[in-house]
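Encoded as structure tokens, the structure appears first; notes follow it.
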């Protein structure tokens with residue numbers, strides 16, 4: 001049974017990784033590329049997009065650990081297969097949405113921070129003009145902020161797991 005669960009975790013991780021990468025790319029391209037008329041050959045935008053994809057993926061990868069802990073907890077608490085399924089869907093959805101929303105908040109916070117700190121440069125205009133230095137700088141700010149907030153996000157999500165409902169000899 002455990003090997004089956006490990007395979008399910010692997011498949012869920014793979015599918016989630018593909019969905020997150022695809023949806024992040026599509027959302028970011030639609031939000032930025034069209035507004036600033038950025039071409040496909042824009043290296044600065046590609047650097048920024050790579051930073052965004054990495055940051056979202058890094059945060060979502062952190063969400064998987066508490067989600068899998070939650071699945072194990074629910075399996076101990078619930079005996080009915082349907083209850084386990086609905087609990088997993090409920091918590092999985094909550095964790096996924098929180099991770100995705102927070103990752104985009106981190107991205108916009110980083111871009112706002114750069115804009116706030118450097119009032120002389122409009123970063124997205126510079127990126128649309130293929131200013132590689134600005135693309136690298138904004139991308140790095142996004143990644144650094146992501147590295148700092150991932151632990152807090154995991155801590156928050158782990159506190160949503162109903163450990164208090166576990167029997168005393170398990171928790």
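Residues being surrounded by fewer than 19 Cβ atoms within 10 Å (Cβ to Cβ), in contact with a helix residue (DSSP H, G or I) (Cβ under 6 Å, 6 or more places away or on another chain) and outside any helix (DSSP H, G or I) are entirely absent from segment 85-94. Exactly one residue out of 68, 104 is in a helix (DSSP H, G or I), under 18 Å from the mean Cα position of the chain (by Cα) and more than 17 Å from residue 2 (Cα to Cα), and it is 104. Would you mind stating whether residue 137 is in contact (Cβ under 8 Å) with a residue 40 or more places away in the chain, within 23 Å of the chain's Cα centre (by Cα) and outside any loop (DSSP other than H, G, I, E, B)? Taking the combined requirement at face value, the residue does not satisfy it. Somewhere in segment 51-58, is a residue at pLDDT 85 or above and not in a helix (DSSP H, G or I)? Within segment 51-58, not a single residue is at pLDDT 85 or above and not in a helix (DSSP H, G or I).
Exactly one residue out of 161, 141 is surrounded by 13 or more Cβ atoms within 10 Å (Cβ to Cβ), modelled with pLDDT of 85 or more and at negative phi, and it is 141.
When we screen 60, 127, 97, 121 for residues that are free of Cβ contacts under 8 Å to residues at least 60 places away in the same chain and within 26 Å of residue 42 (Cα to Cα), the only hit is 121.
Return the residue satisfying two criteria in turn: it lies in segment 1-50 and is more than 23 Å from residue 108 (Cα to Cα) and surrounded by 13 or more Cβ atoms within 10 Å (Cβ to Cβ), and of such residues it is modelled with the lowest pLDDT. By that ranking, first place goes to 5.
The values are calculated or read from the model by the stated rules, or taken from the named source; none is laboratory data. Bear in mind the structure is a predicted one, so any value in this text is a computation, not a measurement. Using ideal geometry, Cβ is built from the backbone for each residue, glycine included, and neighbour counts are taken over all protein chains shown.
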